[in-house]
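Asker: Please find one structure pasted underneath; my questions will follow.
Any read-out appearing in this document is the output of simple, stated calculations on the displayed coordinates, not a laboratory observation. Everything numeric in this text was worked out from a predicted model, so none of it was measured. Cβ sites come from the backbone with ideal geometry, for glycine too, and all protein chains shown count toward neighbours.
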């Protein structure tokens, strides 16, 4: 049995145990699923554009997530996590996760998503370590962070920072601006990375909740 198969077995076992624990601890208020699907389109000037779909599902404390073209092109990742909430006026949501990625890269992914909000201010960050099961030296750290101000309940603006290796760039960390809107179950955001530079690019994201 190769290392990719071992990693797959570990991930499936963790998913199974978390689903079982959720089923045993779910309360009547946890019966509904909160499902969100999003599609991000990356638009470059010097390389091919691509799309990155993500789908998440939350059921009480249980969090499930899957995405494509996220850690690497032509690679599918799946994670399972646990939703934690703290505070009321200043609210902190944490979701520790574990999962795997398969395709152009095979690996195990420990990850954490955090959302901190206070009045009309919000800070969101997601970070993960991709542990390559074939070559440990190819393991890498990925992060995406946003800081937003909400002038109204429907519109936001702010900044974004990310570290990725999905596409080639002379910058280890990309910084940019964001503007977004929410209407009913739809939300859209436009990101401009490295504004004013030769390697600036756009990301258009649209999501829907079910």
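Asker: Using the Kirkwood formula over every pair of different C-alpha atoms, what hydrodynamic radius in Å results for region 3-209?
Answerer: For region 3-209, the Kirkwood estimate is 18.3 Å.
Asker: Please compute the modelled spin-label separation between residue 35 and residue 173, points set 7 Å along Cα→Cβ, answer in nm with one decimal.
Answerer: 3.8
Asker: If you don't mind, another one. For region 3-209, what relative contact order do you get, as a whole percent, if you take Cα pairs closer than 8 Å and at least 6 residues apart?
Answerer: So the answer I get is 16 percent.
Asker: Please arrange 206, 105 by counting, for each residue, the other beta carbons lying within 10 Å of its beta carbon, fewest first. Could you put the intermediate results ahead of the total?
Answerer: Numbers: 206 14, 105 21.
If I rank by nearby Cβ atoms, fewest first, I get 206, 105.
Asker: How high is the FRET efficiency from residue 73 to residue 129, r the C-beta distance, R0 22 Å, rounded to 0.05?
Answerer: With a Förster radius of 22 Å, E is 0.70.
Asker: Determine the gain in length on full extension of the stretch residue 149-residue 137; use 0.36 nm per residue of separation and subtract their C-alpha separation, reporting nm with one decimal.
Answerer: Result for the pair: 0.4 nm of gain on full extension.
Asker: Right, another one. Using alpha carbon centroids, what distance separates region 142-209 and region 67-116, in Å?
Answerer: Cα centroid to Cα centroid, the span is 18 Å.
Asker: Using the 10 angstrom Cβ neighbour count as an exposure proxy, how do 128, 72 rank, fewest first?
Answerer: Ordered by Cβ neighbours within 10 Å, fewest first: 72, 128.
Asker: How large are Rg and Dmax for region 77-120 when calculated on the C-alpha trace, in angstrom?
Answerer: Both quantities, over Cα of region 77-120: 14.1, 44 Å.
Asker: Quick check on the exposure proxy: order 73, 59 from fewest to most C-beta atoms within 10 angstrom.
Answerer: With the fewest neighbours first, 73, 59 line up as 73, 59.
Asker: Ignoring solvent entirely, what values of log10 I(q)/I(0) come out of the Debye formula for region 73-159 at 0.13, 0.23 Å⁻¹ when each Cα is a single scatterer?
Answerer: The Debye formula, applied to the Cα set alone, gives -0.54, -1.05.
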